[in-house]
Every structure is written in structure tokens, then in C-alpha cells.
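As C-alpha cells, the structure follows; a few thoughts come after it.
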């Protein structure tokens, strides 16, 4: 494969840094942008990129995608082949507390990226959406052709807006774009606010675990390496085809209940979880469950990591890096 230059937004984050590492290992160049905001401890992101910045084929810009001039500078200074937009304010519950910030970062930020793609004639983009757009759809598994007009959080609404705006740029400017609806990504480097990381930390500290609801809510947990594989295959598809606009689910198609998730972590750690049951939180969906048949057919996406294996890999990594996650 010829060396290509990938522009990864959110490149110091959980998925972005894992993706960048994989792209570099395949012989590509990676241009990354990240603002190292304090949504969680910025030292975690610094740790994510400490090895990457030693690679001459990796270039990091410490800037914000809301800053149009900073984004323009990156496109002016680099010949970009593919944009992989992962940067966003993430999380359902925080978006309810600060919806204007989510609108600004997720919508204006992506608009800046799309505008510079247009102006610099960059024709290929793989952009992050979310399983949150499905809200509380009654029918499962979730298919990409379902109507998703009933978001139940500001975060989900911004991701639906991203899909719609990306389609505008596809139609007007002949861009090849794939929107990826990620389903609960976990694995090494996972954000500290997410349940698997948080529950692992609490169990190791012999503390109570907050369980919202009766434990029957479920998520389609997807290991980060499987997600990265799907992202790269999506990039290849945009590069090798014309007139592309697709929405794809990237999940594991095997939902795990909250109770089961807690039990698997406890078993892996060899501890008995102490559970504190709390009411369901606003904005939380009852379940996520991906139909991945379209991704299998279109890009040959094939998740390989079982939940038990993924938790084992995460726990091994976490134990070596737990000092970063002390709150």
C-alpha cells in the first residue's frame, strides 16, 4: 500500500490515538489535532501520544477544531488524503448539563473540517457518529435505514446533525463520506468517565459501584481494535469507490447487560462487586444492539474480540496504567 496522509481529529483521545498507532504501523503518515481539554485529566491524553510523537511520520497540532484559522493552517501545511474526524465532546449525561458546548464543538467543529476539505479539494472522509442517534428505538437490532429523528440527548442530536451536514457536502462537493455509528467502544486507553474504566477502578479500590436502574439495560460493547479495523476499512472504501455516502454501524452485535458487565469485570479482577442501585438517569437509552450486516457486506467488517477477552485485555492494561486514573 502506498504511503497516505491521514488527518485524525481527536488524535490524542482513546480511539484517535489507537487508530493513529495502527495507521503508522501500516506505513502511513498521520496528522493529528487535539485540544487536550480538561473534560478528563489531560495527562491521560499526553500518555496516549508519548510514543506517537517520537515517530517522524506523526505530526501533532495542539489546537481546537472550533478554531477555523487553526484548522485552515493544518490543511495549508499538509497534503491530506483522508480525513478521519473523531474529535467531539462525548457523553450523553454531560451533554444534558451543557448542551450549547456540545452544539458548538460537535457541529461547528465538524463544519470547519468539512469547509476546509471543500476548499482544499480533499475528497475522502470517515466521520464519527454514534449509536446514540437510535435513541430508544423499539425494534432491534438497530439498522442504518431506521428513522432516527427522536434523539433523547443533546449529544445524540449533534451526531444526527453531523450525518445530515456531511450528506450536504457529499452532494454539493462530490465528497466520499462514510459516517460510522460507534457502539460503546472499550479497551486500553478508554476514557475514565466510561463505565468499564470507572467500575474497574472502583472494584480495585473496594468501593461501591453505582448501578443505574435494575441492571437489565444493555450495551453492544465493541473492542477498540475492532473499531479501528472498521475505520481503516471504511477509509479504503472511500479511496477505491466513487460517489460514496454511507452510514455504517460498527458494533459487536452481541449486547451485554449492565449486571453481566459488572460480573465479568468482577470475575476478571477476582473480586465481589459491591453494588449501589440508583434510578435510571435522563438521556440514557435502554439498550443498544447493532445490525452489522451492512458493514460486513460493504467493507468486510468482522469484529473478532469477545467481551470476556476484551475485558481481560483492558484489565491487564489498566493495572499497568492505573496511576493515571486516580481521581
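Against the definition (surrounded by fewer than 21 Cβ atoms within 10 Å (Cβ to Cβ) and modelled with pLDDT of 95 or more), how does residue 78 come out, yes or no?
So residue 78 fits the description; yes.
Can you name the condition, by its number, that residue 286 falls short on among (1) surrounded by fewer than 18 Cβ atoms within 10 Å (Cβ to Cβ); (2) closer than 26 Å to residue 231 by Cβ?
All conditions are met except number (2).
Out of everything in region 240-267 that is surrounded by fewer than 17 Cβ atoms within 10 Å (Cβ to Cβ) and over 24 Å from residue 145 (Cα atoms), what residue ends up being farthest from the chain's Cα centre (by Cα)?
Once the filter is applied, the top-ranked residue is 267.
Among the residues of region 25-47, count how many are assigned to a helix (DSSP H, G or I) and over 16 Å from residue 86 (Cβ atoms).
So the count comes out to 5.
I need the full set of residues from region 19-51 which are touching a residue at least 40 places away in the same chain (Cβ under 8 Å), closer than 20 Å to residue 229 by Cβ and surrounded by fewer than 20 Cβ atoms within 10 Å (Cβ to Cβ), in order please.
22, 26
Closer than 18 Å to residue 33 by Cβ and not in a loop (DSSP other than H, G, I, E, B): is that true of residue 111 in this structure?
So residue 111 fits the description; yes.
Do you know which of the residues in region 212-236 that are surrounded by 19 or more Cβ atoms within 10 Å (Cβ to Cβ) and more than 15 Å from the chain's Cα centre (by Cα) is farthest from residue 181 (Cα to Cα)?
217
Among the residues of region 48-61, write down those that are closer than 24 Å to residue 320 by Cβ and either assigned to a strand (DSSP E or B) or within 18 Å of the chain's Cα centre (by Cα) (or both). Step through it out loud before you land on a result.
Keep residues of region 48-61 that are closer than 24 Å to residue 320 by Cβ, which gives 48-55, 58, 60.
Residues satisfying the conditions are 48, 49, 58, 60.
The values are calculated or read from the model by the stated rules, or taken from the named source; none is laboratory data. Here the structure is a predicted model, which means the values were calculated and not measured. Cβ coordinates were reconstructed from backbone atoms using ideal geometry, including for glycine residues, and neighbour counts include every protein chain displayed.
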